[in-house]
Structure formats: structure tokens, C-alpha cells
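Report on the following structure.
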Amino acid sequence: MIFEPFSIGDVTFKNRIVRSSIGGRMAYYDGTVNNAWKNFELRFAKTGVSAIVSATLNVNPIRWSPLEYPQISDDKFVPPLREAIAAIQAEDCRYIIQIGDGGSHVQTSLFSQPQDGYGPSPGFDLLYGYRTRRTEMTVADIEQTVHEFGQAARRVRETGADGIEITASKGYLIHQFLNPAINRRRDRYGGSVERRFRLLREVVEEVRRRVGDDFLLGVRISARDRNRLPLNLRWPITWPPRTYLEGNDIGVYARYARWLRDLGVDYLHVSNGYGFINPGETPGRFPIDEARQFANSTRHLSAKAAFRAAIFNVLPRPLLDRIMNIGWTTGEAANLDDARRLRAESGLPVIANGGFQRRSVVQDALASGACDLVSMARPLLANPDLVELFRRGREAPDRPCTLCNRCAMRTTLFPLGCYEPLRFDSSADMEAQILDWSARPDVPEALPWEPAGTAPPPRTGQGEKAFARAPSR
Ligand SMILES: Cc1cc2nc3c(=O)[nH]c(=O)nc-3n(C[C@H](O)[C@H](O)[C@H](O)COP(=O)(O)O)c2cc1C
């Protein structure tokens, strides 16, 4: 079943495996996608996935999440995207652009700015975002956000992409409005299940208006908030405690899924939990070393960020490891049951995600009717040839992804790639793999908007020799 085609509306997926969103620092300083981004995405297209969902492209010109991530907040970003997407589609791979706004979970900035703390209600969150306190958005701010999503949607259509996906998960702005422990508003955007949904409703309506009825429109949605994980300090404590600890449960999200269907959404991309990273969305382990790196790299931005870095630096590593790994699981196909429920309740096609990398698990997920497509991020980063291995009947790669989540945290600071030492014979091998991601020898040409001569130089092997001299583990 993995290699049977599947269609949603006019868009046909040649098989059932989709590359899930992977964001990284692959844009120029202004947010224009660069050659590294093109080569990174092309590599997945060439290795057989049926579609790629882009990183979350930012709709807001101010809230960057993080720096050097691709933007879609201005018309100038369209031509480079269009050229690269055409190259990806030429590999018989569909391209879906995911758009979003980090709201108060914006992780980095050149300088601290109030807009990076914007959310539905004031409050404090130790783990997510760098601003010390969240700032309540005015109705005018919210209307501006809806407008920005609409403009971004128009641009997505102009890029020639096959579809658009709205991020309502990951603890990003729309998710902040959905989550009852975060959204304590009493106006038309908060106070009930219906009113907390209002921002998402308005965004979907505006996006549909801009892209037209014939364009593939999906929503990335969490199946449960599970606010209690990962361990976090969040203020104020809301009442009842169940709301504070759990947020929305699957019952609420099933209602949202039905409402999204009624709004004309074409598919759901199901993840889990609240905040990036969290054990529902990226099941596996909490990466302590990388969390330390990230905390230290943002410590200058606010008192909270400095406090957070101090905690990560002062607590002994084994203790931190124990505390931060509470609730993290290594479960395969971690969100499959929730995907099944949302599919059944909404009747919409569903992309399941989270911890898939064995052939039989993907096969069973599809055959059982829990989902229509399966998306993968970390396992494909670890083994880009995974789809080909499945095609040859292999159950799993020799060195599977360990779901260590180092990549998910490193991506804010370092080039994208697999950072799990256990998967490599030496640090030299690991580094060579990371550097290889963006500079594929088979796609060395400069993008059309770049001046001639900016293509990466041919690979000489000198880099690997230098690594070979570096001490291994
Ligand atoms: C390095 C990295 C970057 C990611 N960036 C995004 C992103 O920009 N938008 C998004 O919705 N999810 C993002 N994710 C989450 C993945 O799309 C996916 O939901 C998650 O990794 C779980 O799937 P997996 O078990 O197949 O890796 C990212 C994950 C990783 C590891």
C-alpha cells in the first residue's frame, strides 16, 4: 500500500510517504531561500517521497523564528521559491508550503522586541520563546495577523506550489489561541471552545479566499495539547487544573477537525502536544546538550532567557537529564491512534506523523485505515534513502534514527543534519554528512536569481581530509 498513489482533489501523491516540515537556517539574512535550501529539498524529491511539506514559512515580517529561516512575508520572496519548487516538481514530487506565525514562541531575534512576545493573553513560559512575558494582542493586531496569512497564501499560490498548509500546532500563534491554558481572553477570541477557534477560522477563511477553491489546503493540527509535557514553568496557573495541565483533549480537537472540514479544508496533518519541541510532536528524548546550547545562545535577549540558561548550566547534567526526560517516550507511530480518531470524526484525509521509520509500521498504519499518508522528518534526515529501502522491501535502515532530537534543537543554530554520534563511526563521518546536505554534487547549479559564479565549488575531498585529522569520539 505504501507505493499506491493517493489523490486529494486534483493533487496526486505517487506514494504514501511525505517529507514532513524541516526548518533550518537556509535563507539569506533577509529570509530569501538560498541554494542550500533548494539542494536540501531537492535531495528528498530525488530520493522518492511523494510530497514535501516545507518548513514553516513565516507570514509576519517582524517575528522571525529563528533567524535565517525562510520567510513569505513579502512579495520579494516569491520568485526564488517559484524557481526551486519547479525543480522539485520536475522530480515528480509535490510541494506544499506550510505557513505560520510563531507568536510568543519566537525563539531568537537580533535584538529583543515586544512583538516576539505577542500572544492571546499575558503570561510567563520558561521553556518557549525568549521574551520574559507574553503580551496580549489587540483585536487590531489579530486582524493584521489574519491579513498577513491571507497575503502569504496568495504568494504561495504564486510560487506554483501544489498546496498550502496552515500551522495550527507546535505552540505557534494559532495554537496559542486554541489552548485554554494560554488563551484567557474574554472577547470574541477567547472564553469558549468556539471563540478560541475563531482565529483559526478567520485564517482558514482568508487563506481559502486568497488561494481559491481549487487549491489544496491543509491544516497542521495537534491532537491534544498535553500542556504538562515537557516539564515547564508556566504562569498564571489556570482553573480548573485539568485545563492547565492538559489543555484541549482529543474530544475538543475532534470538534475542531469537523469544523475545519466544514470550512472546506482538504486534509489534516496530525501531530501532538504543545510547543516545539515536545514529546508528542517529536517523540524520543529531550536533548540536554543541545538545549544548553540553545539556552546560552539566547541568554542575552531577556531576563527570562538568562534565568533559563542559568538553570541549564547550573543543574548537574544527570539531574537535568532525568527531569527534562519525564514524559518523553521512544514510542513508534506515537500519534497514530489520535490520527485515526481525527480521520474518523472529520472524514478528511489525514497525514499521520511522529516516529515512523519501519516499513511494516507504515504499512500497517495505512492498511488499518488510521491515515492516508505518513509523513517523516528525522528518519529521512538520518536516512535519506529510506523510501528506496522500503521499495526494495527492507524493513528498516541499518542505522535508524534514534529519535535523539539533537537535530531538532541544533537547527536553530547550526546547519541541518543528523547530530547523533551513535549513528556514525567518527565525528569526521558525522560532520561530512552534515555538510553534504546542502551542497549536493549532482545539483551544483546556481539558482537563476543568483549572479553567475555563486555555485558551490566542486567537491575536492579536502574537507573530509581535514575532518579525518580531527579527534574522533
Ligand atoms: C530539524 C527539525 C525541524 C523541524 N521544523 C519544523 C517546521 O518548520 N514546521 C513544522 O511544522 N514541524 C517541524 N518539525 C517537526 C517535524 O515536521 C515532525 O513533526 C517531527 O519531527 C516528528 O516527525 P518524525 O518523527 O518523523 O521526525 C521539525 C523537526 C525537526 C527534526
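Output the relative contact order of the stretch 42-143, whole-number percent, from Cα pairs under 8 angstrom with separation of 6+ residues. Please list the in-between numbers first.
Numbers: 173 pairs, mean separation 26.6, N = 102.
Relative contact order, the stretch 42-143: 26 percent.
Per residue, the solvent-accessible area of the chain (1.4 Å probe, heavy atoms of protein chains only, all protein chains present) comes to 38 Å². Between residue 143 and residue 231, the distance separating the two model label sites (each 7 Å from Cα on the Cα→Cβ line) works out to 4.6 nm.
In the stretch 355-433, what percent of the accessible surface is made up of carbon and sulfur (1.4 Å probe, ligands and nucleic acids excluded)? Walk me through the numbers on the way to the answer.
Details: 1460 of 2890 Å².
The value for the stretch 355-433 is 51 percent carbon and sulfur by accessible area.
Of the beta bridges in the chain, as assigned by DSSP with both residues counted there, near 15 percent are antiparallel.
Just the protein heavy atoms count here, and of the accessible area of the stretch 68-114 at 1.4 Å, carbon and sulfur take up 52 percent. Across the chain, Cα pairs under 8 Å and at least six residues apart give a relative contact order of 15 percent.
Ranked from largest, the principal axis spans of the Cα set of the chain equal 62, 54, 46 Å.
The values are calculated or read from the model by the stated rules, or taken from the named source; none is laboratory data. Given the structure is predicted, the values throughout are model-derived calculations rather than measurements. Virtual Cβ from ideal backbone geometry, glycine too; neighbours counted across all protein chains shown. Quick note on the areas: whole protein, heavy atoms, side chains included, nothing else; ligands and nucleic acids left out. Shrake-Rupley method; radii C 1.70, N 1.55, O 1.52, S 1.80 Å.
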